[in-house]
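The values are calculated or read from the model by the stated rules, or taken from the named source; none is laboratory data. No experiment lies behind these values; they were computed from the predicted model shown. No Cβ is skipped: glycine too gets one built from the backbone with ideal geometry, and neighbour counts run over all protein chains shown.
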């Protein structure tokens, strides 16, 4: 009995902690700082402010500190960050502030090998704590099972899942100084792209996701979206990049759905341009397949090759590739919150549609349309909304990490005009 009592007493300090704070990252925001708390387990934290002096307090019950705190740098209202234990085995973080702030928080669930995270944006100029926002759980939709079939053997009588094939151009109030994101819905028209179970065409999936992404971008202050196509039409690859230059795009995102002969292949991925070779054989094959789409459009002329060579020789391309890799990394990180990743790192290949020497450009493979489970997800509007939301957060992460774009976004948010412009830039 004494031995048992000793064992229980020895375990009490361990049992008092349900999780750990394993990391604390700081990212600059216009006039503020984003804190990302990396946890080993979910916790019902509490965030509030205190006066005289101004402080922001973060209470994490049943949590132990297992990382260094550091402190944010740059233009931030946060002067210092300190911690202390709480009664009952909790952790308190205290942010010493230079002035009153507004704040907002977002809880991100564990996914793809990452533990749960809490993001807290601390913004200068507030007189009280802002309402904390927690994203609502997305209810899993009911899905009718889809019979897997190859494109050649797919029964002609089976109806394809309902997806928006066309619609009015996405419109919003914009300012000419807004951060512009060109969204390219892959394939279209006679180029159906990959074909999934139940004759689910990639061209329809990419258009639906591109339109959802455009809607969510257009809802962000200081940002606007431009679509390379708004209907089921074929747009040659070179014309897609021309849309980006016409609208003086800051960023270019090409949306696709991956496919493989093995139906078990799954996961999301993000690609950037490589002039020297692909990072994997799969990336090389994917680029070859996507680039082949233009051959049906009659663009394999000698003049096209000369233009392509001149683009590749542009000295600015290397700097653009570096920016594209940073953008791709931010998007990949956020996609991991809503879907498993096919590869944990950004891949590179010689994609023709990404060869824009002045515009950071990436290609997003939303999921594998050849995988029955992921095909059902791609046909689900709720899943596409979650994918689009993850991409928007990744875009904002990238904008805040790039000084020029961060300032451009801040300028656009400060002043807007009443000019209404179509987001459809081509097709």
Test result for residue 150, at pLDDT 80 or above, farther than 23 Å from residue 383 by Cα and not assigned by TED's automatic domain parsing to the domain that holds residue 219: no
Search result, residues across the stretch 59-81 that are assigned to a loop (DSSP other than H, G, I, E, B) and under 11 Å from residue 96 (Cβ atoms): 71, 77
Lone unmet requirement of (1) part of a strand (DSSP E or B); (2) more than 24 Å from the chain's Cα centre (by Cα); (3) over 30 Å from residue 345 (Cβ atoms) for residue 103: (2)
Any hit, the stretch 234-249, residues being under 18 Å from the mean Cα position of the chain (by Cα), within 30 Å of residue 372 (Cα to Cα), assigned by TED's automatic domain parsing to the domain that holds residue 352 and not in a loop (DSSP other than H, G, I, E, B): no
Top-ranked residue of the stretch 296-341 - restricted to ones that are at pLDDT 90 or above and part of a loop (DSSP other than H, G, I, E, B), ranked as nearest to residue 356 (Cα to Cα): 336
Failed criterion for residue 342 (all others in (1) closer than 25 Å to residue 117 by Cβ; (2) buried (at least 22 other Cβ atoms within 10 Å of the Cβ) hold): (2)
Lone qualifier among 253, 217 - being at pLDDT 95 or above and either surrounded by 23 or more Cβ atoms within 10 Å (Cβ to Cβ) or under 27 Å from residue 382 (Cα atoms) (or both): 253
